Amino acid sequence: MQLTPVEKIDEIFIKRDDLFSFGGVSGGKVRTCEALARKAKLGLVTAGSRFSPQVNIVAHVAKALALACQIHTPQGELGPEVQEAVRLGANLIQHKAGYNSVIVARCKEAAEKTGYTEIPFGMECQEAIDQTSKQVENVPWDQVKRIVMPIGSGMSCAGVINGLFDLGIRKPILGIQVGADPYKRLDNYAPFLWKTYLTVEKSRHDYHKRLTDVRLSGILLDSIYESKCAEFIEPGDLFWIVGIRKSEMGE
């Protein structure tokens with residue numbers, strides 16, 4: 001597996017998982033999506049919020065692999081990521097009840113009906129753990145004091161904890177919670193001692209609040225996730241950048 005680079009800029013380290021790219025989209029979740037999509041025969045189906053980057057990731061990966069794509073979101077005004085997915089040819093199905101449980105259930109039903117491969121909501125699957133855990137191998141852990149990273153679904157963080165656990169490395173992690181409660185997924189996918197690694201702090205910003213043009217050492221950060229971590233970075237930290245949404249790349 002190709003390891004994404006670790007950069008040292010001034011007094012911090014930055015894990016550039018946002019530099020993994022496939023099909024015109026970038027980030028650690030793209031790596032997981034590609035791995036799952038390589039096993040598909042007919043198409044891909046996924047669910048996401050109207051502002052989540054996941055549906056656009058899936059649409060781009062599907063197009064790159066010449067697969068059909070179906071996406072499920074709540075009803076309402078579409079964010080730029082969903083709009084772009086539709087422009088790429090994804091079949092959008094919106095649901096009146098906007099709860100995550102509803103769109104996830106409809107996505108699973110669609111996968112069974114169509115034979116498409118489901119890309120799980122929030123990339124909640126063992127593949128995400130396997131893909132992310134290996135990325136800890138090229139970090140200079142003897143120089144890093146702690147890890148700071150955003151927590152959305154919690155799957156990227158669970159992958160990092162698994163990687164540290166496998167290597168026998170103990171480093172504190174500060175996870176900035178952006179969005180829903182990640183504890184159930186961490187319990188399911190992280191090692192049972194994950195609470196001895198991780199401290200979770202909720203972002204003071206609402207999930208839908210975009211912090212535009214936030215940069216760390218010149219690196220543009222995702223307006224929903226990584227941007228809300230910037231205020232917590234201290235000298236000696238490793239900032240783990242999971243990705244950046246397609247609609248903001250190059251801004």
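Side notes on the structure shown:
- Unmet requirement for SER52, which otherwise passes all of (1) at pLDDT 95 or above; (2) under 17 Å from the mean Cα position of the chain (by Cα); (3) among the small types (Gly, Ala, Ser): (1)
- Filtered residues of the stretch 176-202 (kept if open to solvent by 20 Å² or more (accessible area, probe 1.4 Å) and closer than 18 Å to ASP237 by Cβ): THR199, VAL200, GLU201
- Of all residues in the stretch 38-52, those satisfying the criterion of being touching a strand residue (DSSP E or B) at 6+ places or on another chain (Cβ under 7 Å) and outside any strand (DSSP E or B) are LYS39, ALA40, LEU42, GLY48, SER49, ARG50.
- Subset of the stretch 138-148 that is outside any strand (DSSP E or B) and open to solvent by 30 Å² or more (accessible area, probe 1.4 Å) - its residue that is nearest to ASP206 (Cα to Cα): LYS145
- The set of residues in the stretch 89-123 that are open to solvent by 50 Å² or more (accessible area, probe 1.4 Å), part of a helix (DSSP H, G or I), without any contact (Cβ under 8 Å) to a residue 24 or more places away in the chain and of a type outside the set (Ser, Thr, Tyr) comprises LYS108, GLU109, GLU112, LYS113.
- Which listed residue, of ALA68, ALA47, is touching a residue at least 40 places away in the same chain (Cβ under 8 Å), over 13 Å from GLY98 (Cα atoms) and either in contact with a helix residue (DSSP H, G or I) (Cβ under 7 Å, 6 or more places away or on another chain) or open to solvent by 20 Å² or more (accessible area, probe 1.4 Å) (or both): ALA68
- The criterion of being open to solvent by 10 Å² or more (accessible area, probe 1.4 Å), assigned to a loop (DSSP other than H, G, I, E, B) and either over 25 Å from ILE103 (Cα atoms) or in contact (Cβ under 8 Å) with a residue 40 or more places away in the chain (or both) does not hold for ALA35.
- If you go through the stretch 210-224 and keep only what is in a loop (DSSP other than H, G, I, E, B), more than 24 Å from GLU124 (Cβ to Cβ) and either open to solvent by 60 Å² or more (accessible area, probe 1.4 Å) or of a type in the set (Gly, Ala, Ser) (or both), you end up with ARG210, THR212, ASP213, SER217, GLY218.
- Residue check for SER21: without any contact (Cβ under 8 Å) to a residue 12 or more places away in the chain and within 20 Å of MET249 (Cβ to Cβ): yes
- Within the stretch 149-175, the residues that satisfy the criterion of being buried (at least 22 other Cβ atoms within 10 Å of the Cβ) and assigned to a strand (DSSP E or B) are MET149, PRO150, ILE151, GLY175.
- The residue that is nearest to MET249 (Cα to Cα), counting only those in the stretch 56-75 that are in a loop (DSSP other than H, G, I, E, B), in contact with a Lys or Arg (Cβ under 9 Å, 6 or more places away or on another chain) and of a type in the set (A, V, I, L, M, F, W, C), is LEU65.
- Residues satisfying the stated conditions in the stretch 71-87, i.e. open to solvent by 50 Å² or more (accessible area, probe 1.4 Å) and free of Cβ contacts under 8 Å to residues at least 40 places away in the same chain: GLN75, GLU77, GLN83, VAL86, ARG87
The values are calculated or read from the model by the stated rules, or taken from the named source; none is laboratory data. Note that this is a predicted model, so its numbers are computed, not measured. Cβ coordinates were reconstructed from backbone atoms using ideal geometry, including for glycine residues, and neighbour counts include every protein chain displayed. Heads up: the accessible areas ignore ligands, DNA and RNA and are worked out on the full protein's heavy atoms, side chains in. Shrake-Rupley method; radii C 1.70, N 1.55, O 1.52, S 1.80 Å.
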